[in-house]
Structure formats: structure tokens, C-alpha cells
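Worksheet: one structure, shown below.
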Amino acid sequence: MPCGNASEHTAKPGPTIRQTTDGKNLHLFHRYGDIKLISKDGTILMADSKRLSDLSWEMGEEVGKAYSNDMEINMDRWSSTAISCFLDLINVETPRDPIADLPVLFELATLYYNYGDDGEIVTLIQDSIAKTATLKGRQWSLLKFANDFPDGSDLVLGKLALRSMSRKAFLSLRS
């Protein structure tokens, strides 16, 4: 099941977002939990603080800060779609390849880089990005993203981009 596409980056009420009585947007699938994740589009996604704390030291720190901040974590660097994909990956015993548009997958990769440390999930995200970029003929976008990845380039993604580049894709200026 797709976790989102670029057209869902707005926080307008729709199939996955409803407005609460106080005017805030609540994600309908991720609406249960004891901690709020606030996206850059203002959508509230609820999550389990224990599961988040166990994810990584960095996320544990964020959860600790949230206890003195109305149980909210400001995740305004990421869209609600990317955060939803993130929660979809960490809330199951056996995560599956995230299916989303390339911009959402790029956001998901940086989000997981900041808060996750499970190598299996990293590989799922990388594989999904590579498959999507290849199917859409966006290998140059992937190579640029791999080069600009936080804390230096992502060599795995860079190699995947170069391996998947056909002559046509290599000569294409589309990014």
C-alpha cells in the first residue's frame, strides 16, 4: 500500500487528514498514541512514545524533551506524508518497501537518517528510492540526492543510481 505521494504534501482536509474542533489537522491513520508529531504542514500524527524511544538514542532524546512540551515533537522539517511513511516502517514487526513518490522517499530517507538506526529499514528505503528513480527515469535526481545527503554523500545510493543509469538516462538532462 502506498504511503503517500507528492500531491498529499498539503495539509488540507482529505482522505487521510481531518480537522479537529480546535482547527488543527489530525492524520486519520496515525491518530492513536501518547505523543504528537507535528509535521511541517501542521498535521498531527500520534505515536507511541515507548516505540519511538526504543528506535534510537536521538529519538529517545526528542521524546524526553516532549515530556516537558505538552507531549509534542516538532518535526517541521518533514511533511505529514513522510512522517506517515516513517511510522508505517517502525510500527510493524516486518517492515515492507515504502511505496511513494521520489520527493517523499527522499524526505523519508533524511527523516530516518536523523532518527533511525535499523540497517534493514535503511536498505528498504534505499531500494525503494532506487526502484522508483529507475522506473521514473530520475537517476540523475537520485545521484544528486545521494551526493547532497546529510553528513556527506550516501555511497550506496550513488552506486545504485549509477548502476541503474542507461545510456539514455545518462545523456538526459532531466532531473
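In region 113-175, the ratio of gyration radius to Kirkwood radius, Rg to Rh, stands at 0.99 when only Cα atoms are counted. Based on Cα contacts under 8 Å between residues 6+ apart, region 38-175 shows a relative contact order of 19 percent.
Averaged over residues, the count of other Cβ atoms within 10 Å places the peptides 143-150, 69-76 in the sequence 143-150, 69-76, highest first. Seen from Pro95, the other residues with C-beta closer than 10 Å to its C-beta sum to a net charge of -4, counting Lys and Arg as +1 and Asp and Glu as -1. Based on Cα contacts under 8 Å between residues 6+ apart, region 115-163 shows a relative contact order of 33 percent.
Read-outs: derived from the displayed coordinates by stated rules, not from any lab. None of these values were measured; they are calculated from a predicted model. Every residue, glycine as well, gets a Cβ built from its backbone with ideal geometry; the counts of neighbours run over all protein chains shown.
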